[in-house]
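Report on one structure; see the data block that follows.
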Number of protein chains: 2
Amino acid sequence: MSERAVGVFDSGVGGLTVLRALRHCLPDEDLVYLGDTARVPYGTKSAPTVRRYAVEAAHFLMEQRVKLIVVACNTASAVALEYLAERFPVPVVGVIEPGARRALEVSQQGRIGVIGTEGTVRSQAYEKAIRQGRADVSISAAACPLFVPLAEEGWADHEIARIAAQEYLAPLLSQGIDTLVLGCTHYPLLKKTLQKVAGSSVKLIDSAEETAKTVATLLQRDDLRRRQPSQEPPRFFVTDIPDRFEKVGGAFLGDTLDRVTTISLD
Amino acid sequence: MSERAVGVFDSGVGGLTVLRALRHCLPDEDLVYLGDTARVPYGTKSAPTVRRYAVEAAHFLMEQRVKLIVVACNTASAVALEYLAERFPVPVVGVIEPGARRALEVSQQGRIGVIGTEGTVRSQAYEKAIRQGRADVSISAAACPLFVPLAEEGWADHEIARIAAQEYLAPLLSQGIDTLVLGCTHYPLLKKTLQKVAGSSVKLIDSAEETAKTVATLLQRDDLRRRQPSQEPPRFFVTDIPDRFEKVGGAFLGDTLDRVTTISLD
C-alpha cells in the first residue's frame, strides 16, 4: 500500500500550486495529478454539480490505485470533501481546513479575511472551519471572479490586477483584517499584487503549503510513507486535450509539464 | 412542422443576446433555449471537446422537436457547425457567417478586426468566412479572455474594462481596422467601452441581430414560419442549477428570466 501514489485533483491548473508544495514537502512520493480541464471552472457551478464532478475524479484516481486523495481545489473541498470521505476507502484531504488552521495560528487580532470563487464563498466552508478552531473571530469574505482569468492570462502583476484587487479587497480592508486567506489555488500567483494592495500588516495565507504538511502528517500516522524514494516524475491527466494545460500550467507548477494524458470522466 | 419551436443553444448566458434578437425579429415564433452552464465556458476548451458538447446539446434540442437549431455560441459555431449540419435533419445556423457577411457590408477599407475567445480565434473561422466573401481584405484577430468575466461581473463600464480593452485592442487598432467584429456573444455588453476605446471611426459588428435575420430568411425559404403567433414565452433549460443563470442572464436577455429547468446532458 505504501508504494502507491498520492492522487491529486483539481478543476484545472490551479491545483498545480498544491502539487508543487507536495513535491517539495514529500520528494520521495509518487504523484498523480488530474485536472478536469473539459469542465473547468468549478467556482461558478452549483454544489450538486461540483460534487458529481468530484466523485468522478476520485473514482478515476482510485483506478490509478492511489493511497490518498488530495482535493486541490477550494470549491470542491468546500462542497464535496465530506461526501468523498464517506464514499472512498482512502484518506481524503482538502485545502480548506489546513488554510483555516494556519489563519488562526498567524492572526493576532482574530480579524480574518477570506477570498475565493463564488462557489467557495457561497459555501461558507472557511467560516465553518475557522470557527470550529476558535469561535470569537471576525471573518469577512469576498468572491473575486476576475482573479482566475487574470492569473491564467499572465496579468498577475498588471495594473488591471491591482485595480481589481483594490475593488475586491476594499470591503475586507475596511473591516481591519490582519490575515487574508487565499481561498483559491490560482491566487498565490497574485500574491505580490495582493500584498501591495492589502499592505504589509496583513498576512497572506497560501493553503498549498499547509495542505502538503497535512498530507505528510497523515501518511506518517497511517504508516503510508514510501519505503524507497520514487524514481517516477508526476503523472498528469486532463479531461480536455493537454495543449492549454501545458502552456498555462508551467507557471503554477514552477516547472515544465510533460507526460500529460487525456482521459474522459463523463 | 412549422408549429415547432426554434431551438437555441449556448455554453451559458451569452447566447441570450441572440435569443433577444430572435424575439425581436421573429415575435411569432416559439423559442427553446439551452445553456450548458455545467460545462461553461467553451472558449478555453479544445475543438473535439466543444464538438462533443455541441452534439449533446443539439440532441437535446431535437428531443424538444425543434424545426431549426441556432448555435448561439461563437466557439461552438467555429468548431462544430458543419459537423452538426451533417448530422441533424433540420437547418443549423451559426453566428459566425452572419457576422462575417455584415462586416464585409460595412467595412469601407476592408480592414477588419475580430475579437473572441481563445477557441474562436484559434479556429480562424471568421477569417475563413470573411475571405470566402471577399479575398482582398486585411484581417487581424485577438483573444480577449477577460471580457467574459468582466461582462458577467457587471463591470462592463468599469475602468478595468477600459484598460483591458486598450490592452487587447492595441494591436488591432495599430493595423488601422475600420470594422470590429464582436466574435463572442458576451461582448455586446461591453459595446460602449469598446466603442470608446476603438474610436468612432471603427464600426462594431454584433452578430446577434444578423443571425436573427438569417434565421428569418431560412424559415421563410423553407416555409417554416408559424401560421399562428405563439402564445408561449421562451422555455429555458440549463445543465447546472438555474440560480446563477437567472441572476446573470437578465442583463443579456434584457428581460427577467423564468421557466428555467435543469437537465443533464452527460
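Read the figures in this text as sums done on the coordinates, not as results from a lab. Quantities reported herein were computed from a predicted structural model and do not represent experimental measurements. Neighbour counts run over all protein chains shown; Cβ positions are idealised from the backbone, glycine included.
A few remarks follow.
- Value at 222 nm in deg cm²/dmol, rounded to 500, when DSSP H runs of n ≥ 4 in the protein assembly as shown each add -39,500 (n - 2.57): -14000 deg cm²/dmol
- Mean Cα-pair separation over length for the range B:62-125, i.e. relative contact order, pairs under 8 Å, 6 or more apart, %: 38
- Largest first, the three principal axis extents of the alpha carbons in the protein assembly as shown are 73, 44, 44 Å in whole numbers.
- Across the identical copies, the label point of B:Thr217 (7 Å from Cα in the Cβ direction) is separated from its matches by 6.7 nm, in order from shortest.
- Inter-copy spacing of A:Cys25 label points, which lie 7 Å from Cα along Cα→Cβ, given in nm from shortest upward: 5.5
- Separation between Cα centres of the range B:24-102 and the range B:186-228, rounded to whole Å: 16
- Taking label positions 7 Å along the Cα-Cβ direction at both A:Arg134 and B:Arg259, the computed distance is 5.5 nm, reported to one decimal.
- Projected onto its three principal axes, the C-alpha set of chain B covers 49, 38, 34 Å, listed from the longest axis down.
- Prolate/oblate/rounded call for the range A:130-241, Cα gyration tensor, a/c under 1.5 rounded: oblate
- In this assembly of identical copies, the label point of B:Gln124 (Cα plus 7 Å along Cα-to-Cβ) is separated from its counterparts by 5.4 nm, sorted shortest first.
- Binning the alpha carbon pair distances of the range B:214-264 at 10 angstrom intervals from zero yields the distribution 21, 34, 31, 14, expressed in whole percent.
- Rounded to whole Hz, the Karplus (6.51, -1.76, 1.60) HN-Hα couplings of the range B:243-259, x for glycine and proline: 3, 5, 4, 5, 5, 7, x, x, 5, 7, 7, x, 6, 6, 9, 9, 6
- Annotation: amide H of B:Ile205 within the under-5 Å range of B:Leu180, B:Val181, B:Leu182, sequence separation 5 or more or interchain, hydrogens built in the peptide plane.
- Built amide H within the under 5 Å cut-off of A:Gln124, gap 5+: none
- Shielding by partners - mean other protein chain Cβ count within 10 Å, residues of B:233-240: 1
- Across the range B:139-145, coupling constants 3J(HN,Hα) worked out from phi with the 6.51/-1.76/1.60 Karplus curve, θ = phi - 60°, read 10, 10, 10, 9, 7, 10, x Hz, and Gly and Pro carry x.
- Karplus-derived 3J(HN,Hα), 6.51/-1.76/1.60, for each residue of the range B:22-31, Hz, glycine and proline x: 5, 4, 5, 7, 10, x, 7, 7, 8, 10
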